[in-house]
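Peer 1: Got a structure here, written out as structure tokens. Questions coming.
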Amino acid sequence: MRQRQPTFFKYVIGSFVKLAQGAPMQRVIWRGKQVVPNIIGQPHEAPVYRIDDDYWDCYYEHQLHPALTQAEEAPPRRRRRGF
């Protein structure tokens with residue numbers, strides 16, 4: 001039986017995340033990879049995410065925090081215009 005490979009990404013599209021504790025929840029709407037230098041200057045791929053905050057900024061995985069706990073509810077989905 002084949003073993004399942006660990007996923008490269010921590011968050012799936014549709015996950016709720018926060019940029020900081022106490023910040024509003026945002027939904028992950030895109031994810032990708034960016035080649036960046038590691039600590040010794042060698043290139044490696046880092047996971048990046050775009051969230052539904054009306055900006056085109058992308059965030060590294062270490063900048064995001066899981067948002068939903070049992071005490072929190074998911075915000076309603078916003079309708080996208082023009083895409």
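The values are calculated or read from the model by the stated rules, or taken from the named source; none is laboratory data. If you're wondering where the values come from, they're calculated on a predicted model, not measured in any experiment. For neighbour counting, all protein chains shown are included, and Cβ atoms are generated from backbone atoms with ideal geometry for every residue, glycine included.
Peer 1: If Pro76 satisfies all but one of (1) at pLDDT below 90; (2) surrounded by 14 or more Cβ atoms within 10 Å (Cβ to Cβ), what's the number of the condition it fails?
Peer 2: Exception for Pro76: condition (2).
Peer 1: While we're on this one: Taking Trp30 as meeting all but one of (1) under 15 Å from Leu68 (Cβ atoms); (2) assigned to a strand (DSSP E or B), write down the number of the exception.
Peer 2: Condition not satisfied by Trp30: (1).
Peer 1: Which residue pairs have Cβ atoms under 9 Å apart, sit 6 or more places apart or on different chains, and have a first residue in the stretch 24-35 that is within 13 Å of Asp57 (Cα to Cα) and a second that is among the basic types (Lys, Arg) and not in a strand (DSSP E or B)?
Peer 2: Close Cβ pairs (under 9 Å, with a partner that is among the basic types (Lys, Arg) and not in a strand (DSSP E or B)) amount to Ile29/Arg80.
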